[in-house]
Every structure is written in structure tokens, then in C-alpha cells.
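Report on one structure; see the data block that follows.
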Amino acid sequence: MGSRIAAHLANAGIPTLLLDMVPAGEGSRNRLAVAALDALTKAKPAAFYEPTLAALIALGNFEDDLPKLAQCDWVVEAVAENLAVKTALLARVVPHLAPHAVLTTNTSGLPVARIAAGLAARRERFFGTHFFNPPRYMRLLEVIPTAESDAAVVAAFAAFADRALGKQVVFANDTPNFIANRIGIAVMFTAAALMLEQGLTIEEVDALTGQAIGWPRTGTFRLAPGGNRHSGPCGRELPPRRNAGRLFRHPGRDCEAWLARRQGRPGFLQEDSGSGWEGRAAGA
């Protein structure tokens with residue numbers, strides 16, 4: 001996701017520094033960032049407005065190039081949706097920030113306040129951002145301030161995201177899944193309940209909830225592994241209030257039993273099992 005955000009910044013004419021890990025073994029220490037940029041140039045739909053904009057993205061890695069962050073006005077962390085990973089990297093980032101820099105974490109549902117608690121400094125210039133994939137085409141941007149975030153800094157960033165990046169900014173509370181994914185998880189659970197009640201197959205649900213109603217072709221169940229791999233488990237953390245508990249308890253085990261009765265696995269699971277999604281979901 002970090003590389004796609006970098007591409008959208010380049011689309012807006014903003015020079016961007018894209019950093020990634022140093023992989024094990026011999027070869028260029030920047031090869032993960034190089035591979036990410038190469039993938040952007042081949043992405044469909046296109047990540048760049050036009051190919052020459054890729055030149056606005058400089059490449060580096062977390063081991064050698066963190067001092068370059070001192071030249072940046074905004075630093076957005078977009079590593080794996082893992083609280084420990086994010087806090088560890090941000091602790092290394094903070095000492096290199098310019099006094100005026102804004103720091104955000106890009107997350108689809110992790111508690112932003114807990115990430116902020118791991119910062120030794122700069123909490124007043126830190127908050128959450130949630131870009132939707134692909135950011136060039138998805139206008140929504142959730143901004144999630146913490147109690148310590150400077151309101152003026154957050155407002156200035158929101159104005160920048162609106163005017164420079166073309167985003168529809170929505171301010172969200174620091175609750176599981178924020179706003180859009182919170183609604184999305186409810187929609188998915190409702191679709192699962194209706195599937196059981198009406199005797200539909202997974203493929204039929206995806207056909208009915210995809211392009212037929214103007215939604216993406218992923219429909220409901222294909223979206224779950226690809227688009228909500230990290231936010232899906234948050235549905236189980238919703239508090240049992242305002243009838244939310246009833247909604248999120250309804251289809252779970254019945255769905256598992258229904259899948260167990262099926263001969264073979266639905267197509268979307270066959271496609272995603274190679275990526276290890278089923279294992280990650282089971283361990284979440």
C-alpha cells in the first residue's frame with residue numbers, strides 16, 4: 001500500500017521517498033523498493049497518471065536512508081498491519097523528523113492511540129490515515145486523530161489531502177475498523193446470514209453483490225480475503241451494544257459448518273490458499 005500512496009503523491013507532482021526493508025541475501029539493498037516501483041509501472045488499473053511521473057519517486061531502505069526523512073514534510077508509515085511492527089519502525093523514524101514534519105500511520109483498523117503511545121515524542125503531530133486501495137481511484141480518506149493530536153495540524157493536513165490529492169476526507173473516531181470497514185464488515189456478515197437463510201452459494205452472493213449492483217466485481221466474499229485481510233478480525237471485537245453483538249454473532253459458526261458440508265472449496269478460497277490467507281485468518 002505504501003508504494004501506491006507514493007504513486008498518488010507523484011501523480012500530484014510531489015517528490016516522494018519510498019523506503020522498504022533490506023532483504024536477506026546478496027544483491028541491492030533497495031531491491032524491495034525497486035520491485036515495488038517496477039510493479040507500479042505495470043499495475044492495472046494504472047497507478048500513475050502517465051509513466052514519466054515514476055521519476056518523482058526516490059528509492060531507499062529502512063537501514064540506510066532514515067536520515068533522508070529530515071527533508072520530508074509528511075512521513076506516512078504503511079508497513080504490515082501489525083501493532084508491534086508499526087511501533088518498532090516509528091520509534092526509529094521519529095528521531096529523524098524535521099520539526100515541522102507531520103507523521104501518520106496508514107492503517108485500516110488498528111488502534112491509533114496505541115500506536116501513538118509507543119512514540120517517545122511528536123505525538124501532537126501524529127495521527128492515523130486510512131487510504132483505500134487503489135488510492136489513485138478511491139477518493140475516500142479516513143483521518144483518525146488521537147487525543148494528543150494538534151487539531152490545527154490535522155485540519156491543515158485534511159485541507160492538503162482535499163486540494164492537492166483530491167481526497168474526500170472523513171474524520172473518524174479511533175474505534176475498530178473506523179467507519180468504512182466497520183460498515184463493510186456489517187455488510188459482509190449480513191450477506192453471510194442471508195446466504196444461509198436463502199440457500200445461496202458463495203459464487204451467487206458475489207454475483208448478486210458485485211457489478212450487478214454497481215459494486216466492484218469482487219462482490220462480498222472475494223473482497224473479504226483481498227481487501228479486508230487485516231480488518232476482518234476486528235468485526236469480532238465490536239462491543240455488544242446497539243444490537244451489534246447480535247449481528248456479528250449470527251452467521252459465524254453456521255458459515256463454518258456450511259463450508260464444511262460443501263464438496264471442495266469455493267473458487268475464491270482456492271485462489272487465495274496459495275497466498276496463505278486461510279492460515280493468517282485462522283491465527284488472527
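Given the condition among the aromatic types (F, W, Y) and over 23 Å from A161 (Cα atoms), answer yes or no: does some residue in region 69-87 qualify?
No, region 69-87 contains no residue that is among the aromatic types (F, W, Y) and over 23 Å from A161 (Cα atoms).
Hey, any hits in region 199-216 for a residue that's among the hydroxyl-bearing types (S, T, Y) and either crowded, with 16+ Cβ neighbours inside 10 Å or in a helix (DSSP H, G or I) (or both)?
Yes, some residue in region 199-216 is among the hydroxyl-bearing types (S, T, Y) and either crowded, with 16+ Cβ neighbours inside 10 Å or in a helix (DSSP H, G or I) (or both).
Does region 14-39 hold any residues that are surrounded by fewer than 14 Cβ atoms within 10 Å (Cβ to Cβ) and more than 23 Å from the chain's Cα centre (by Cα), and which are they?
Across region 14-39, the qualifying residues are A24, G25, E26, G27, S28.
Please count how many residues of region 125-154 are within 16 Å of D73 (Cβ to Cβ) and either among the acidic types (D, E) or more than 18 Å from the chain's Cα centre (by Cα) (or both).
Residues meeting the conditions: 5.
On the given criteria, is G25 in contact (Cβ under 8 Å) with a residue 40 or more places away in the chain, at positive phi and small (G, A, S)?
So G25 fails the test.
Of the residues A116, A70, which single one is surrounded by 16 or more Cβ atoms within 10 Å (Cβ to Cβ) and at pLDDT 95 or above?
A116
Residue-by-condition table, conditions (1) in contact (Cβ under 8 Å) with a residue 60 or more places away in the chain; (2) not polar (S, T, N, Q):
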site: A78; (1), (2): yes, yes
site: T87; (1), (2): no, no
site: L90; (1), (2): no, yes
site: H100; (1), (2): no, yes
site: G109; (1), (2): yes, yes
site: V112; (1), (2): yes, yes
site: A121; (1), (2): no, yes
site: G128; (1), (2): no, yes
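What number of residues within region 1-33 satisfy the criterion of being of a type in the set (S, T, Y) and within 15 Å of V76 (Cβ to Cβ)?
Of the residues in region 1-33, 2 are of a type in the set (S, T, Y) and within 15 Å of V76 (Cβ to Cβ).
Search region 56-72 for residues that are of a type in the set (S, T, Y) and pair each with any residue that is surrounded by 17 or more Cβ atoms within 10 Å (Cβ to Cβ) when their beta-carbon atoms are under 7 Å apart and the residues are at least 6 apart or on different chains.
Between residues of region 56-72 that are of a type in the set (S, T, Y) and residues that are surrounded by 17 or more Cβ atoms within 10 Å (Cβ to Cβ), there is no close pair.
The values are calculated or read from the model by the stated rules, or taken from the named source; none is laboratory data. No experiment lies behind these values; they were computed from the predicted model shown. So basically every Cβ, Gly included, is an ideal-geometry build from the backbone, and we count neighbours across all protein chains shown.
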